[in-house]
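Quick note: the coordinates plus some simple rules give every number you see, no bench work behind them. All of these numbers come straight from a predicted model, not from anything done at the bench. Don't worry about glycine lacking a Cβ; one is built from the backbone with ideal geometry, like all the others, and counts go over all protein chains shown.
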Amino acid sequence: MRFVAVVSERAEFDRWLRAQAAPAHAPRTPQQQAGQQAFLRNGCGACHAVRGTRARGTVGPDLTHVGSRLELAAGTLPNDAAAFERWISAARNAIRCIRNSSAGTRNTSRCS
Ligand code: HEC
């Protein structure tokens, strides 16, 4: 596990801290609205909280301001759209593998 440490002036740190403590802002563009709907409709909120929405999961990390992070997954991925998509796809694939393996299905391609 790896984290980036950012050094900043006190006033800048206080502004950052207040912003991080605030709930997520309401989606402003059609793309953001679609993203929030996809998040809420696809069950992400069962495990993740996004403060200011009905997503209140506690199993996974709080994703309220995930877009403002420098990196994802304990510094293993950059925080950009491509890495985000890879992360979510990998999780989906892991769930498929677990389901297939418990159901005794032979389709376990890309499961190791
Ligand atoms: C069954 C529970 C569960 C569900 C459902 C789930 N996640 Fe996660 N998610 C986790 C856990 C646990 C972690 C932390 C994994 C780790 O650190 O290895 C995580 C990590 C993440 C991360 C990385 C967070 C970070 O701090 O870097 C993102 C982004 C993420 N999930 C997005 C999603 C999205 C989007 C969905 C819905 C499509 C989703 N998750 C659904 C449990 C879940």
Mind listing which chymotrypsin sites (Phe, Trp or Tyr not before Pro) in the range 1-99 are in a DSSP loop and have 12 or fewer other Cβ atoms within 10 Å? 3
Cα extents of the range 1-75 along the principal axes, largest first, in whole Å, come to 39, 30, 19
Spelling it out for residue 72: with amide H atoms placed in the peptide plane at 1.01 Å from N, the residues 5 or more places away or on another chain with amide H under 5 Å from its amide H are 77, 79
How far apart, in nm, are two points set 7 Å out from the Cα along the Cα-to-Cβ line at residue 37 and at residue 16? 3.5
